[in-house]
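Have a look at the structure below, then the notes.
The values are calculated or read from the model by the stated rules, or taken from the named source; none is laboratory data. The structure displayed is predicted, hence computed values, not measured ones. Using ideal geometry, Cβ is built from the backbone for each residue, glycine included, and neighbour counts are taken over all protein chains shown. Ligands, DNA and RNA are stripped out before the accessible areas are found, and what is left, the full protein with its side chains, is counted by its heavy atoms. Shrake-Rupley method; radii C 1.70, N 1.55, O 1.52, S 1.80 Å.
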Amino acid sequence: MRDLIDRLGRVEGLEPVVTLLEDTCERGSQNLLEPGTQVVLNCKMHATADFGVRGDITSVLPGIRAAGLTRWGPVDEKGQDGPYATGTVRYALEYQRTRGHYPDGRPMPSPRLTADGLAIDWDRLDLALVNRIEEPAPCLSPSGGGTYHRCAQVPEGAGKVAEARARYGTVLELTVDGRDYFTVKR
């Protein structure tokens, strides 16, 4: 996770703002009457990393592709982004170029880079109230009786996203969703 965040942070035009890392272990369900293997303990990690975007997002998107974090969205047999394939860099660039409209004038769904367990989203100025990256939630113990929870926000403190938005205009967020790293089965 940290490697992905570091690689994205090296993309020209992105400035690291704040990263939230969470590590949680939870007990599984203990239904003795249910047949089959039961999970006794499951541990996973989650991360979000916010970046300020220097300049226009269209100058940063090709650098994100070149950073090779993953293959964003569906690709064709040649490994190229399909036309109008949501989740791809090509779609995001087309959305920006056409101000969010297909050639026939219909509105396009908002762009977001997606891959297995990874997503990159950013502020859209045309939809400022709907699509804005939020401040990360403070590190709190999860409700529901988790066995173990560790959380770190780097750097600590509130208001980092708002400060970045005021400085750069656009904030971009990488989400690495719930990677399981340890499971105990009965």
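Which residue, of Arg132, Arg90, Arg99, Arg106, is closer than 17 Å to Ile57 by Cα, modelled with pLDDT of 90 or more and open to solvent by 30 Å² or more (accessible area, probe 1.4 Å)?
Exactly one residue qualifies, and that residue is Arg90.
Name the single residue, out of those in region 64-87 being in contact with a Gly (Cβ under 9 Å, 6 or more places away or on another chain) and not in a loop (DSSP other than H, G, I, E, B), that is most open to solvent (accessible area, probe 1.4 Å).
Among residues in region 64-87 that are in contact with a Gly (Cβ under 9 Å, 6 or more places away or on another chain) and not in a loop (DSSP other than H, G, I, E, B), the one most open to solvent (accessible area, probe 1.4 Å) is Val75.
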